[in-house]
Amino acid sequence: MKRNDVKIIIGVLIVAGVFYLFNQYRISKMDVNKLYVEIKVEGELYERVMLSDEKEIKIEREDSYNIIKVHDNGVEMLEANCPDHVCVRTGFINKVGSTIVCLPHKVYVEIVGDVEDGLDAISE
């Protein structure tokens, strides 16, 4: 490696680090009252719950079920009868853009920001 290569690599790492830290700071300053949990089943919106609420949601369809709990400004999949349980092992999420997905049951849980002027929490 040449000396200029090292300078370019260091420069790129510094710029990436600044963007990462700025994004983390911006997300930490978001108002919890403007964050929601969107639950979609087969691509259709099933329910939208404020992240600051405490609620347990049971999704039952034919021979499948998922139990989702919104609490402590986050959400987790408590229980599911899918064969792999990847959704349950995902654990507790509390950041904008984080997701829990149960592929066998086609259940999608995502934390989103309140939409204002066409911008969401990620693109602001």
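Candidates are the residues of region 97-124 that are modelled with pLDDT of 80 or more and of a type in the set (Gly, Ala, Ser); the one that is nearest to Glu56 (Cα to Cα) is Ser98. When we screen Ile67, Ile10, Ile39 for residues that are hydrophobic (A, V, I, L, M, F, W, C) and closer than 16 Å to Val112 by Cα, the only hit is Ile39.
For residues in region 52-64 being part of a strand (DSSP E or B) and either touching a strand residue (DSSP E or B) at 6+ places or on another chain (Cβ under 6 Å) or without any contact (Cβ under 8 Å) to a residue 24 or more places away in the chain (or both), which is nearest to Leu35 (Cα to Cα)? Only one residue fits best here, namely Lys55. Of the residues Ile39, Ile67, the single one that is farther than 13 Å from Ile111 by Cα, modelled with pLDDT of 95 or more, assigned to a strand (DSSP E or B) and touching an Asp or Glu at 6+ places or on another chain (Cβ under 7 Å) is Ile67.
The values are calculated or read from the model by the stated rules, or taken from the named source; none is laboratory data. Quantities reported herein were computed from a predicted structural model and do not represent experimental measurements. Please note: Cβ atoms are built from the backbone with ideal geometry, for glycine as well, and neighbour counts cover all protein chains shown.
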